Every structure is written in structure tokens, then in C-alpha cells.
Amino acid sequence: MPELAARPPQWPITAEWLNFVLRLFWSEIEPSVSNAVKELLTPKLHSALNMVAPVEINPCRLGSEPPKLDEVELLEDQGLGNWMDLKLHCFWHSEPDITVSCKLGSVALPKLKLGFTVYMGLHGECDEPPFFRALMMYMGNGFMHAGDVLNTGQARKDPYIGMTFGDAWTGFNISFVEDAVVSALNGAIAPKLVLPHRMVFPMGSLRQESSLPMDLVMPRPRGCLRITVIGVSKGLVGTEWKLQSLLTGDRSNDPYVTVDLGGARDRMMRTPTCYGDLTPVWEEDNVFHFVVDALGLQHLNFRIYDDGLLQLFREQQIGTASHEDLMARKLGVSVMELFGTRSMNFFDQEQKLDTSCMLDTSWPGHEREDQTKAQLNLSIHWRPIIESKPSLIPQEVFVEDDEDLEPPLWPRFVLRIGLQSLQMQRFKGKRTDMFFAKVAMLPGFNAAGCLEEEPKEGLTEVHSKKVYPQHQGEDRSEMVSRMSGGLLGHAGRVAYFDQGFRFLVHNPTSSKVHLTFYSVADFDKTDVTELGEMTVELNSLLQEKTLSMDLNEPLDNWTGDAPGTFKGHFQLFQIHHSAMRQAMAGSHMQMQTKTAAKQDAMQMAQRASKLRAEAEALEREAHKKNREMSRRSKSNNHMLKVRIIGARGLRAADFSLTSWNTSDPYCVCESGSKSFKTPVIDKTLEPFWDYEGVLNHYKVGSPLKFTVYDKDWSYKDDELGHVTLSGSKLTHGFVGELLLVGAGGSQEAYLKVAVADSYGVFPQDPDDIGGSKLKVRMNGARGFVDAQKGFFGREVSCLYAKCEIPNRARCSMRSQAIEHSGEPEWNYERHMSGFKQGDSLVISVLHEKHGAGKDVVLATRTMSCDEFFPKGFAGMVDLEPQGSSWGGSKLELGSKPQMELQISDSEGKFPKLAVPDSALQVKIVSARGLRAADTYVLQEHSSDPYCVCEVMGKPYSRFRTHTIQKTLVPTWGYKHRLSGSAWFLEGPRKRLT
């Protein structure tokens, strides 16, 4: 905790700080993470390696090296319905203590390489923190072997895992275990995180809802991609001796092709095997359909394998082929890359293309002298999801001849099924029972474009996750009923699934979905009980305008007393189909002709109604303003907004032993008994308040009196001038400078104010007629000295900066004065009112004489308009010395005076200022335990502290904070940046005093 306190977070949160926190806490959280990994992988490995079961992982310690995070990246819109998408890459290369045991023995895992890219979507903007309604985490693709991803461009896109085993099981290829781990990891992660699945964390009011909206759990699909594998024209090299090799003398292989989307097992397609052919051609079972969600995040993987008995065994056990028999591959191919475009709009229309994909035949661990690539010939066909209303589609469109049912068929719809909850009013089961659902599509439509009359597990039949039931929220009467029912063993429960599934649909008029719900004992997975079922006809969805339907219906054939109620969501998404559109167009041609005139009349009536509504709204607004003006005139009082902008030419009212110094001005605005005042600005004769106040119950026509005072902490405040603004000038508001009366001294003093009109709107400043947004920020200067010998002894510098437009007295700005510093830092920013294109700016550094004479111009520089307009300026400006004495030189010998300056562009935005690496920033925060240096008779003893800091040996680097009156625990919060020349010293001696 001390280390964390010494390095608090700063906004924005960086990956460096997150990695620092992860390193601090890794020793504490590593055991919990290790146990979670063990519980996640053990059952999956046990299932994948059941021929050598039981499989155990013990020990399972992930090691002392924590994962590392990269910087968060803001992505462009990915079309997933989020208002912001973020990308976070994590990698983890460690030396864990993991041992996998089975019947064949034990094998250790000395090295682990893991990396993954997680996308975070922020959904639903809102006005309250955290300013979004839900956070979604998802991955575009499943895990791959580290050797396939590392040192390639996919390392920052696709997740990977790599393992180095210390030994191998007798008679067992260790790569089989690695493949099993990758398959087990994907089996555990893909149903939760890999698109279209997302992990949702509700925020704010969404957390109070019982079920999540399905658009969050599973996004709207982007379209359907059909890939037809035609053949391999060249590039494959034979590696096995076949019987025919005795005649030809050439080696051969038995190739087949796999295509997968995102590395998910349930979206991996396989062609038939072409035996003994290195230029295979496929004519059947070579068409695959993939539903695509995010064109920029999901990738396709193409692989060509050599078939054999070992491959058949591995595919049956773990669902993946052997890397040793991999002949060629192309990984991480996006749909956009296949079509050769980067435009998202390209995929709003149906697209078809015959293309070739060049596959690698040599990669790390599978090197070949011949670097020839294999050419895989493909036909790709894209159909987007379209917005339509199939409720208007005539039923005869779906009537098909036998010739139309010849595979491969195109799916016409994508069906999204959302399982939300199962409510059970009288639950008699055990508390440890878990619930799951089986969802079957009848008839099914597989990814190869064929109809499946019987459910096929994993394709047209899927199982939900197993969940524990919870108590559902009830009112008081229901709660009493539940308590009494609980005593009898009849309690109310609800099982929340919040899970989605998708199916391809060819003809919704003849398709239906069958749901069956089960309970299973937690300690005996074979004890499965069927609870109830439900059948949903998809034809009912075609009658809905949005093609969606929310269900909250009781189940059929329920085993208990009161039937359980299923709550879910069904929605159809139509895939673009030109034949369907033509049929729809022909069927509706006559109806459109008859209703065209009626629609035109309705549109004109709606337009007229809209215009009448707008006219009525404007009339109501005018009446409202008239009533308000009449009410104010009768009451003769209202709220008046006044802005006190600044003053110039004030006299110095504070006296010291050597001279009249300066003033601490503030301004008071009065009207009758109502008044307000600005804050005090210390030590300046040209204050800039820009303070807006309100005079309540202002009597219309009354004058306004402005009085400027010098704040004295021990005596009565001195008046620096006053002025009265006549009420007759306030009818339409006022803005401008007013000559102060009783200002004293030989020069004139002015006060600039603005008064709003009766609607609360301030008039435009006449000095800014052009609407200029130009701003000037004078950060600091260097090349001056902090003090020198004067007539009364050591005289300190008191430097300030000034910027003005030549020959325009009102178009100027001046910073505060900084004492005791040869490198003053002002950080003073003002809007340069009255600037017009073509005007130059004069930048000056002056020494303030505190009323003992005219201020001395030490250095100046004139900048032409071309130097800063319209792109702005940021950097150091060389100044020209203007004098050598004000009682002695104020310039540092051997150095050239410079000012750090920023001037905004034409839109008022400052260019980025490059801070040199050698700059040192000092922040003097506060002090405590100070002694009381001032003694008072009737008050508690105190002090007026300020702090001075300098680099030892370089007095010109000295700077000081402002003074805080009457306190022993001052808080300054004063920042100052020392340039490299000021603070850098050769050797180890670098001290600040």
C-alpha cells in the first residue's frame, strides 16, 4: 500500500500504471487465478483426453510473473451497436509450475506463452456516471497456437497460447496435449466471449432489470458469407510414398481443406478428402456459410491438411487436426481482405467474386527450402442483412419446387433466440440442482446449405449453460406465501440464463423451434430430469412488424404442480435475396399502383400538419415572450446579469519603505440595496476578473454603480475609482470601457463591464466585431536575473509579460508580476479581443517599478500575422533586449532572453507544446508546523507565508509562490517548470533549496 500511495493514478489511466498495480497485487491474486484456471481446464481436458482419463492438473501455479497490458486503443465504429469500442491487448510469457497427470504419467509445463486481445464496447449513453448503460467484453477470434501467431501481424489481433513441456508421455505425441489444451480453452472461452457471444456488465438502472436486452448479449448480424472451395491449382508438395509412387516415382498426399471463422470449433467447415492428388478439385460438400458480425474484428483461417488414421483419431477426440500433417495455411484473413476493399459501405450490397488465396507452405517449425505458396481457388458470395418487413411478404414466395431444394441452398434468415429466464412458482427440487435448456431447430439448416430433418448436436441442436436457481423478487403477500411454501418444500425459484443462440433458416413458414428444459444434480451429472418443453412456430414471427417476439409463456408437459414460465426473445434477420425481392415486387405491383395516390395525399397532409404545428409553436413562443416582457414591465423588477471583465491604469495604493508598490484590486457592483463583488487579485494594476454576478429583483431603469477598491488586510480598503452607468443605457444591454472617477494619479483608469439584456443575453463586444477566437498564453521566460544591487541595496526583479496589438490601446493583455525569479512562469492566458487577420502582435517582458517610475521594457519581439495565423504557434520566442539598466542590468550575462509562448489557431485551439526532456517541473504543495512570525494584540498570532525555491549555484533559477495571509498551514499548489539550462548540473550534485 505505501508503494501504491506513492504512485497514485493519473487520468487518463495508462497501461504502465495498470502493469505497476498488477505487479504489486499479483502475489495476492495469483493463487485465486491459478485455481480458476485449474477448475476451467480440468473438465475440458478430461473430456478431450478421455482415452487416458482421469486427467488432473496438480500443481497449478501460474508463476511470479504477472500478465502485461498494452495501451488501450480507441476503435472506429465496428457496427455492433456501441457508441464506443475499445481494444486492449494482454500478453503473458511466464514460467509456471503446472503438471498434467493421466494414466500414462505426468508431464510438466515449464514455460507458457499466452496473449489475447479483448474488445470492450460501451453501450447506451447516459447523463450520470459512468455515462453508459452497459460494458461488454468480447473477442473477435478464439485461441491459436503461439507458434502460428507470434512474430506475425496477428500477434496483436488473435489470441494465442503456447506451451513447452518438460517431457512427453510414453508413446504419446506431446503436441496432442497442446492441441487438447487449446481446444479445451476455446471450448470454455468461446461460448462466453468470442463473437457473437459477449460478456455483459450492466450499469446504473440496467442493473435493476431482471434480464438483459438481447441486443447486448448477442449483436445484430452484419451479413452472411458463402465460401465455395474450388480447388488447389499449385504449390502443394507431396511427402508420403503411395502405391502409385512405385509407378510414377513421385510422392503424394491426401489433402482436404478446413475453413473456420474466428477459430471456433462450431464454425469450422471441412471439405472431403481428395486421395493421392496434389491439385485437388472439389465439386460437392465444398460450400460453407458463415454469419459475420464485425467485418474488422473477425478473421477467417484457411488450412490444408494431409488426411490419415492419426488425423481421424485426433478429430474424433479433440476436434482438431494434427499440426504435423499441416501442408499449407493462411491465417487471419478478414472478409474485407478477401474482397480487396477497406470500405464498410461496400458490404451494404450483395457482392460476388471469384478469387485466389495464397497459402504459406513454410513457417517456423515447418521450414521448407522451397518457399512456393499454394494457390487455393475460391468463390466468395456476400449477402448483407437488410431492413425489411416480411410481414408483407406473400406466402406463395416461400412455396418451392423440388428443384429449388437441391443443395447447396442459401439461407434466407438468421434466427436469434434469447434464453432469458425460467420461473418456477412451486419448486420442489434440491437447492444444489442446476438447470439447462436444449434448443433444436426443425427442420435444421446446416452451414453447408443442406436441410437437416433430424436435430444434429452442435449444428441444429445446442445446449445452454447450466445455472443455479435464485429467489425471485416478490411483494409482501407473495413473500409470505413463499415462506409458508418453503416450510412445505414448495419454494419459488427463477433460473437466469441470459444467453443467445443463432440458427440459419431457409423457410420460416415450415420451421419451428423446440425447447426442452432439464434439471441436473450438482453432484451426479447423470441424474438428469426433463422438466417441460415448448414449441415455437417461426411463421408467427412473420406476422410481426419487427420480426421479433417476446415470450412469457408457461411450458408444456411440466413435471411439477404449477407449470414453469419461460421468458425469452425470438427475432428473424432477413438476408438479402434478389429472387425474394423480385417476387415481392411482382406481388405488390398492383397494390402499390392502387395506393400511390392515397400515399401521396397522406404525405401532403402530413407535411401541411407539420407546417401548421411549427407555425403554432412559433406563435406560442412569441406570446410567451410578450407575456414575460409585459410582466416585467408591470412588476418593474427582474434578475440582471452583470459581467465585470477587467480594469487598466489603476494607481498603486500599497506602500513599502522603498516605493509605492502595487494594488490588490477588486470591484463592487451596486444597485439600490443589492450588490455583489469580484474576487481579489493580488499585486496587479491591470486586473482581469471576467466575473459574472447577478442582481436579483433589479428595478428596470435603475443605474449601476461600480467601485474598484484596493484590499488592505489590516486597514480600511482604499478606493481606486468609481463610475455610475445610467439605466437608460441598459435597455438592450451594454458592453464597453468606463472611465473611473477619483482614480488619482496622473493617468486615466478604465473599467470594462458587460450587462445582459432583458433576455439574459450579453451583447457582442465592439472590440471583437470580427468574431475572432484568437487566444494567447504566455507561459514563462528565461535569460533574466532575479536581483541586483540598487540604490537602496539589493533590488529584486519583478517581471511580467505583455502582449498587445500595435496602435490599439484596448487590444492588450498583461500577466501578473513574478518577484525573485530570473525564469518567471506566468501561465497567463487571455482572449485577444479585437484581433483581425493581418494584425501583428508585440510580445514584451517588463520590470515593474511599483509606482517609483515608469516600468522598464527589458526585451520585446514583434510577431507578424503569418507566423501564427491561422495554424497557431507553440514554442520558444527569441526576444530582443531593449535596455541595459533600470538601476543595473536585468539580463543574464551570456544568455539570450526567450519567452515560451502559445497562440491558438483560428478556431481557438492551442497547438501542442513540445516539452524538452530536460525540463523539471516543481510543484510546491503546502507546509505545516510553521511558527507565528506576526504578533497581534487582539488577534491570534500568525504569519503570511510564501515559499522560494532555486537550484543551488544558479540564483537566476529562483522562483516563489504567492503569499497566503494569516495562516500557519498554507496550501499553495504552485507549479513551476525549470528549463534544462536552469536545473541541469554535471555530476551527482543536483539540489534544490
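The values are calculated or read from the model by the stated rules, or taken from the named source; none is laboratory data. Computed from a prediction, not measured in an experiment: that's the story for all the values here. Cβ atoms come from the backbone with ideal geometry, glycine included; neighbour counts cover every protein chain shown. Only protein heavy atoms, including side chains, enter the accessible area calculation; ligands, DNA and RNA are left aside. Shrake-Rupley method; radii C 1.70, N 1.55, O 1.52, S 1.80 Å.
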What residue, among those in region 505-540 that are out of contact with any His (no Cβ under 9 Å at 6 or more places or on another chain), open to solvent by 60 Å² or more (accessible area, probe 1.4 Å) and without any contact (Cβ under 8 Å) to a residue 24 or more places away in the chain, is nearest to Q420 (Cα to Cα)? V528
Cross-chain or 6+ apart pairs with Cβ under 6 Å, region 103-122 first and assigned to a strand (DSSP E or B), then of a type in the set (S, T, N, Q) and open to solvent by 20 Å² or more (accessible area, probe 1.4 Å): S106/T99; A108/T99; K111/T164
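One line per residue, one yes/no per condition, for (1) at pLDDT 85 or above; (2) under 18 Å from S797 (Cα atoms); (3) β-branched (V, I, T); (4) not in a loop (DSSP other than H, G, I, E, B):
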{"residue": "S833", "(1), (2), (3), (4)": "no, no, no, no"}
{"residue": "Q837", "(1), (2), (3), (4)": "yes, no, no, no"}
{"residue": "S844", "(1), (2), (3), (4)": "yes, yes, no, yes"}
{"residue": "A852", "(1), (2), (3), (4)": "no, yes, no, no"}
{"residue": "D866", "(1), (2), (3), (4)": "yes, no, no, yes"}
{"residue": "K871", "(1), (2), (3), (4)": "yes, no, no, no"}
{"residue": "S889", "(1), (2), (3), (4)": "no, yes, no, no"}
{"residue": "L901", "(1), (2), (3), (4)": "yes, no, no, yes"}
{"residue": "F910", "(1), (2), (3), (4)": "yes, no, no, no"}
Quick check: is even one residue across region 314-336 more than 26 Å from G238 (Cα to Cα), out of contact with any Cys (no Cβ under 9 Å at 6 or more places or on another chain), of a type outside the set (A, V, I, L, M) and modelled with pLDDT of 85 or more? yes
Could you please tell me which pairs satisfy a Cβ distance under 6 Å, a separation of 6+ or placement on different chains, a first residue in region 676-688 that is open to solvent by 40 Å² or more (accessible area, probe 1.4 Å), and a second residue that is part of a loop (DSSP other than H, G, I, E, B) and among the β-branched types (V, I, T)? K683/T662
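Restricted to region 750-786, and to residues that are closer than 28 Å to L978 by Cα, part of a strand (DSSP E or B) and open to solvent by less than 20 Å² (accessible area, probe 1.4 Å), which residue is modelled with the lowest pLDDT? Step through it out loud before you land on a result.
Keep residues of region 750-786 that are closer than 28 Å to L978 by Cα, which gives 774-786.
Right, trim to part of a strand (DSSP E or B) and you get 775-782, 784.
Checking the rest, the ones that are also open to solvent by less than 20 Å² (accessible area, probe 1.4 Å) come to 776, 778-781, 784.
Values: V776: 91, M778: 90, N779: 86, G780: 87, A781: 87, F784: 83.
Step by step, filter region 750-786, then rank; the result is F784.
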Applying the selection to region 708-735, what residues are buried (at least 18 other Cβ atoms within 10 Å of the Cβ) and either aromatic (F, W, Y) or more than 30 Å from S942 (Cα to Cα) (or both)? Y709, G721, H722, V723, L725, L730, G733, F734, V735
The residue that is surrounded by the most Cβ atoms within 10 Å (Cβ to Cβ), considering only those in region 261-290 that are at pLDDT 90 or above and part of a strand (DSSP E or B), is F288
Tell me which residues, restricted to region 44-82, are more than 22 Å from Y119 (Cβ to Cβ) and surrounded by fewer than 14 Cβ atoms within 10 Å (Cβ to Cβ). N50, M51, A53, P54, N58, P59, S64
Whichever residue in region 98-115 is in contact with a helix residue (DSSP H, G or I) (Cβ under 9 Å, 6 or more places away or on another chain) and not aliphatic (A, V, I, L, M) and, among such residues, is farthest from V52 (Cα to Cα): G115
As an exercise: evaluate L80 against (1) in a loop (DSSP other than H, G, I, E, B); (2) free of Cβ contacts under 8 Å to residues at least 60 places away in the same chain and give the number of the one condition it does not meet. (2)
For the subset of region 341-360 comprising residues that are polar (S, T, N, Q) and assigned to a loop (DSSP other than H, G, I, E, B), which member is nearest to the chain's Cα centre (by Cα)? S343
Residue tally, condition surrounded by 19 or more Cβ atoms within 10 Å (Cβ to Cβ) and farther than 27 Å from S812 by Cβ, over region 689-707: 2
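Can you tell me which residue within region 541-579, out of those that are part of a helix (DSSP H, G or I) and crowded, with 19+ Cβ neighbours inside 10 Å, is modelled with the highest pLDDT? Working first, answer last.
Our first condition is that a residue be part of a helix (DSSP H, G or I); within region 541-579, this holds for 541-543, 578-579.
Retained after the next criterion (residues that are crowded, with 19+ Cβ neighbours inside 10 Å): 541-542.
Working: L541: 84, L542: 81.
In this case the residue turns out to be L541.
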(1) of a type in the set (V, I, T); (2) surrounded by fewer than 16 Cβ atoms within 10 Å (Cβ to Cβ); (3) under 30 Å from F346 (Cβ atoms) all hold for V217 apart from (2)
Per the list (1) open to solvent by 30 Å² or more (accessible area, probe 1.4 Å); (2) touching a residue at least 60 places away in the same chain (Cβ under 8 Å); (3) of a type in the set (D, E), residue check on D293 breaks on (1)
Set D97, D85: member being modelled with pLDDT of 80 or more, open to solvent by 30 Å² or more (accessible area, probe 1.4 Å) and among the acidic types (D, E): D97
Find all pairs meeting these conditions: Cβ atoms under 7 angstrom apart; at least six residues apart or on different chains; first residue within region 163-192 and over 24 Å from G500 (Cα atoms) and at pLDDT below 70; second residue among the basic types (K, R) and open to solvent by less than 50 Å² (accessible area, probe 1.4 Å). F176/R314
